[in-house]
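Novice: Following this message is one structure expressed as structure tokens.
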């Protein structure tokens, strides 16, 4: 798989029925290793091992409804009180991060009402907050590190 703009991590990878799979620490199972999954797993390791977010506060690939339509987010980090702290949208390295991708995560945010958003294709990473009143993004250098006392809305 392609080298990404994340630190190097050791992954549990196996081949089963001629398909390569990677172990997901959050879902506690092996999943098909596709380019987007490669990015997602790097991002998860970054959030857990660099930013220090507890595994217990992270959720991966769950359904949500946006305007009565079923959607699926990549990664959500929760606050200790159960509210959503951050949503992460992962794309394959060959997918460019454009306005359509920002609109996708902004739509998810209508339902999730997050404090932070991260968008990555493994090469480029964008971090932002949403200014709902002005319908604009405020870009940040990175996500804050996990601090239990600051992990609330």
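Novice: Identify which of 53, 137, 73 has the largest mean-square fluctuation in a Gaussian network model of the chain, with springs joining Cα atoms closer than 10 Å.
Specialist: Answer for the Gaussian network model of the chain: 137.
Novice: Within a 10 angstrom radius of the beta carbon, how do 31, 76 rank from fewest other beta carbons to most?
Specialist: Placing the least packed residue first, the sequence is 31, 76.
Novice: Kindly give Rg over Rh for the chain, based on alpha-carbon atoms, with the Kirkwood expression for the hydrodynamic radius.
Specialist: 0.95
Novice: What distance in nm lies between label points placed 7 Å from Cα along the C-beta direction at residue 79 and residue 18?
Specialist: 5.1 nm
Novice: When only C-alpha pairs under 8 Å and at least 6 residues apart count, what is the relative contact order of the chain, in percent?
Specialist: 20 percent
Novice: Quick one: 117, 1, 130, fewest Cβ neighbours within 10 Å first, how do they rank?
Specialist: The most exposed by this proxy come first: 1, 130, 117.
Novice: Additional query: Could you give the length gained by full extension between residue 8 and residue 70, i.e. 0.36 nm per residue of separation minus their alpha carbon distance, to one decimal place?
Specialist: Computed gain between residue 8 and residue 70 is 18.9 nm.
Novice: Would you calculate, for the chain, the mean residue ellipticity at 222 nm contributed by helices, counting each DSSP H stretch of 4 or more residues as -39,500 (n - 2.57) and dividing by all residues, to the nearest 500?
Specialist: After summing the helix terms and dividing by the residues of the chain, the value is -5000 deg cm²/dmol.
Novice: Can I ask one more? Taking the beta-carbon count within 10 Å as an exposure proxy, list 95, 58 from fewest neighbours to most.
Specialist: 95, 58
Rule-based calculations on the coordinates, nothing more; no lab input. Small disclaimer: the values here were computed from a predicted structure and weren't measured. All Cβ positions, glycine included, derive from the backbone under ideal geometry; neighbour counts span all protein chains shown.
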